[in-house]
Amino acid sequence: MTELAEKKCQACEGGVAPLTRAEAERLRNKLVSGWQLSADSLSLQRAFEFKNFFRTMSFVNALAHIANIEDHHPDLEVGYNYCRVRYTTHAIKGLSENDFICAAKIDRIPL
């Protein structure tokens, strides 16, 4: 995880192929457990649970800060005591290393 978390996202405007399932699995194995690849290998997701709304929103705000710095933004589903995070690189309609870099940075947020 440290290796990925130390990297910076690179701008992706398309024109490159998304990661293969094997490439995505290799990067997923560098993350904290809990991150899952979708069946079609086009997205990476993880569900987080919290004690209450305040902790949920604190996490979401920290995640938003990371997304803003990296200029790479996930899809979020947020409720009272949960946050579901889904990454995909829209410009290439699949996964890029950026998705895994951001996931590794999110894993550093204290829960």
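Descriptive notes on the structure:
- Candidate set: region 21-39, residues that are out of contact with any Leu (no Cβ under 9 Å at 6 or more places or on another chain) and in contact (Cβ under 8 Å) with a residue 12 or more places away in the chain; chosen: the one farthest from N98 (Cα to Cα): G34
- Long-range neighbours under 6 Å by Cβ, at least six apart or interchain, first residue closer than 23 Å to Q36 by Cα and modelled with pLDDT of 95 or more within region 47-70, second aromatic (F, W, Y) and open to solvent by 50 Å² or more (accessible area, probe 1.4 Å): E49/Y82
- Single residue of region 71-82 satisfying the filter (over 11 Å from the mean Cα position of the chain (by Cα) and outside any strand (DSSP E or B)) that is surrounded by the most Cβ atoms within 10 Å (Cβ to Cβ): N81
- For region 28-46, the condition of being within 12 Å of C83 (Cα to Cα) and either open to solvent by 60 Å² or more (accessible area, probe 1.4 Å) or modelled with pLDDT of 95 or more (or both) holds for at least one residue.
- Filtered residue count, region 11-30, keeping only those that are acidic (D, E) and assigned to a loop (DSSP other than H, G, I, E, B): 1
- Residues located in region 1-27, provided they are surrounded by fewer than 12 Cβ atoms within 10 Å (Cβ to Cβ), closer than 15 Å to H90 by Cβ and not acidic (D, E): A11, G14, G15, A17
Residue-by-condition table, conditions (1) farther than 21 Å from R28 by Cβ; (2) open to solvent by 90 Å² or more (accessible area, probe 1.4 Å); (3) touching a Lys or Arg at 6+ places or on another chain (Cβ under 8 Å); (4) part of a helix (DSSP H, G or I):
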residue: T56; (1), (2), (3), (4): yes, no, no, yes
residue: L63; (1), (2), (3), (4): no, no, no, yes
residue: N68; (1), (2), (3), (4): yes, yes, no, yes
residue: R84; (1), (2), (3), (4): no, yes, yes, no
residue: A91; (1), (2), (3), (4): no, no, no, yes
residue: F100; (1), (2), (3), (4): no, no, yes, yes
residue: A104; (1), (2), (3), (4): no, no, yes, yes
residue: R108; (1), (2), (3), (4): no, yes, no, no
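The values are calculated or read from the model by the stated rules, or taken from the named source; none is laboratory data. Predicted model only: the values in this text are computed from it and were never measured. Cβ coordinates were reconstructed from backbone atoms using ideal geometry, including for glycine residues, and neighbour counts include every protein chain displayed. Ligands, DNA and RNA are stripped out before the accessible areas are found, and what is left, the full protein with its side chains, is counted by its heavy atoms. Shrake-Rupley method; radii C 1.70, N 1.55, O 1.52, S 1.80 Å.
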